[in-house]
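The values are calculated or read from the model by the stated rules, or taken from the named source; none is laboratory data. Computed from a predicted model, the values in this text were never measured in an experiment. So basically every Cβ, Gly included, is an ideal-geometry build from the backbone, and we count neighbours across all protein chains shown.
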């Protein structure tokens, strides 16, 4: 699992602007929004927005973000978003926390290798979480075989038990789903004179049998800079009227940072023979860091969740994963919107009891991988996260007391709360984590808030 930092272009709708500044045909910008722009993107870029006759999509996104965090807009401002701290600055980047952590498993907890790439499936009252039991060249983790193994849960994802044996005899990560005709189906890459997109089937959702597939030449799928895709990550597959639709991201880190790995689309009429559909390529001026999720939810809407690793270079604010949806089998998509937390390798599943789960991964540089499961919830908590040099993290949290806040390294199964520096910022709480000298960075460090374990 490759980790790179990038900036994402987030497209949002146009916003209303309030007070005219002294430019001919210029934008109308509220002073608080202007101040936020100057702080977040720099004085010159802010002046260009104010002076522009028409905003670009990127500029519109920047204005919208500042508008939402400054409390401007002519309506009633949110008492937590953009709240003022003791020095009079705004708590920018705060989002509602809408996922609560249910469970997590680290590589070292079960004697496995680098566990990664979760894929969820419900079979009756049992949940199965498939994962790749891989290796990692950076660290000497034993116990791997590079095959697909599984955990099961009988309490809707709260606790998990490791199953013995290999579930799918393939060395790539997989996507799994219940087949409309009965039974279950999965897809992964099989080396056969190239990487073949291969279908596996199972009557029980346990032991999968290899079926047909074909080699995909992804070179026609190009990044925003025109760089051809190399080898593709695990394909995420949904059933559509014409057959199947799949997306996989370019695993090859081509060119120089910031990388702009993109997402390629594949289609199939039978689930076994696949063709590249370049008309559906998603190529951003940013890096799609890990495998995206493509999932048809219980309402029939296709969700696509992208692990776009966005840390603003000026404010150090980290965005959560990005979501877009489609109601017409992927013909068109909504604009990207932000989820409340960031993680690698997302995977969605709506349960028969109405719960909505999101599985995810993580990675610690010395201890290996993470399998996590979160549940969609509704809370009054809001939070932002800033990062600096992979060593320092600051959360600003509203709607909670200090006693409600726990800081944990999930990969290490370690509670860090006692070492966290807490402070008040107006009605908000700030929590600062600093990695120890020679520590493990911050990629697996999360804030968990309240009994809901709201995750940021």
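Do we find a residue being farther than 17 Å from residue 410 by Cα and buried (at least 18 other Cβ atoms within 10 Å of the Cβ) anywhere in the range 355-369? Working first, answer last.
Taking the range 355-369 and keeping what is farther than 17 Å from residue 410 by Cα, we get 355-357.
Adding the requirement that they be buried (at least 18 other Cβ atoms within 10 Å of the Cβ) leaves 357.
Yes; the residues of the range 355-369 include at least one that is farther than 17 Å from residue 410 by Cα and buried (at least 18 other Cβ atoms within 10 Å of the Cβ).
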Listed by first then second residue, the pairs whose first member lies in the range 91-111 and is over 12 Å from residue 374 (Cα atoms), whose partner is at pLDDT 85 or above and assigned to a loop (DSSP other than H, G, I, E, B), with beta carbons under 6 Å and at least 6 positions apart or on separate chains, are 95/340; 106/411; 106/413
Picked from the range 410-456 (must be more than 25 Å from the chain's Cα centre (by Cα) and in contact (Cβ under 8 Å) with a residue 40 or more places away in the chain), the residue surrounded by the most Cβ atoms within 10 Å (Cβ to Cβ) is 428
Being assigned to a loop (DSSP other than H, G, I, E, B) and surrounded by fewer than 21 Cβ atoms within 10 Å (Cβ to Cβ) narrows 315, 325 down to just 315
Of (1) more than 27 Å from residue 298 (Cα to Cα); (2) surrounded by fewer than 19 Cβ atoms within 10 Å (Cβ to Cβ), residue 133 satisfies every one except (2)
Pairs returned, first residue in the range 365-385 that is on the phi > 0 side of the Ramachandran plot, second residue that is buried (at least 24 other Cβ atoms within 10 Å of the Cβ), beta-carbon separation under 6 angstrom, 6 or more apart or interchain, are 368/107; 368/114
Yes/no for residue 114 being buried (at least 17 other Cβ atoms within 10 Å of the Cβ) and in contact with a helix residue (DSSP H, G or I) (Cβ under 9 Å, 6 or more places away or on another chain): yes
So the strands (runs of 3 or more DSSP E) completely within the range 145-250 holding 3 or more residues that are buried (at least 18 other Cβ atoms within 10 Å of the Cβ) and in the same structural domain as residue 349 (by TED's automatic domain parsing) are 148-153, 175-178, 184-191, 195-202, 236-240, 243-249
Among 274, 333, the single one that is buried (at least 17 other Cβ atoms within 10 Å of the Cβ) and under 28 Å from residue 217 (Cβ atoms) is 274
